[in-house]
Amino acid sequence: MQTNTIFIVLLKFSTNIGQASEFVEEHNKWIKQGFKDGVFLVVGSLKPNLGGGILAHNVSLSDIQDRVKNDPFVRENIVSSEIHEIALSKVHDQLDSLFG
């Protein structure tokens, strides 16, 4: 586990956005599992209707890459993914317990 690193994952809609409704239930299960595993901190929508974003921690870069590849939306090319790694140098006191 890498507590001094967080990841920003951007999931941007592709031209296959029309297929999203077919895979949204499976995608939501994937998100739920990310929270259950203690990896996802925040999940939300990119505005206006561009896709989604995830703030993740407690994983290595290769682990988050594998996890994102298993997202049904990524697998079915409904979204393209970008993963940005941030090496933490300062953390607000209220977040210190999360990132140590």
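The values are calculated or read from the model by the stated rules, or taken from the named source; none is laboratory data. Keep in mind it's a predicted model, so treat the numbers as computed, not measured. Backbone-built Cβ (ideal geometry, glycine too); neighbour counts: all protein chains shown.
Scanning the range 3-33 for residues being closer than 13 Å to N70 by Cβ and in a strand (DSSP E or B) gives a total of 2. Of all the residues in the range 66-100, those that are of a type in the set (D, E) and under 15 Å from F40 (Cα atoms) number 3. If we scan the range 31-47, do we find a residue that is among the basic types (K, R), more than 26 Å from D96 (Cβ to Cβ) and under 15 Å from the mean Cα position of the chain (by Cα)? The answer is yes, given that some residue of the range 31-47 is among the basic types (K, R), more than 26 Å from D96 (Cβ to Cβ) and under 15 Å from the mean Cα position of the chain (by Cα).
Criterion applied to L61, L55 was being in contact with a Leu (Cβ under 6 Å, 6 or more places away or on another chain) and closer than 17 Å to F7 by Cβ, and the one residue passing it is L55.
Every residue, every condition in (1) modelled with pLDDT under 95; (2) of a type in the set (D, E, K, R), yes or no:
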residue: V42; (1), (2): no, no
residue: S45; (1), (2): no, no
residue: S62; (1), (2): no, no
residue: Q65; (1), (2): no, no
residue: N77; (1), (2): no, no
residue: D96; (1), (2): yes, yes
residue: F99; (1), (2): yes, no
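Checking each residue in the range 50-86 for being exposed (fewer than 15 other Cβ atoms within 10 Å of the Cβ) and assigned to a loop (DSSP other than H, G, I, E, B) picks out L50, S60, N70, N77.
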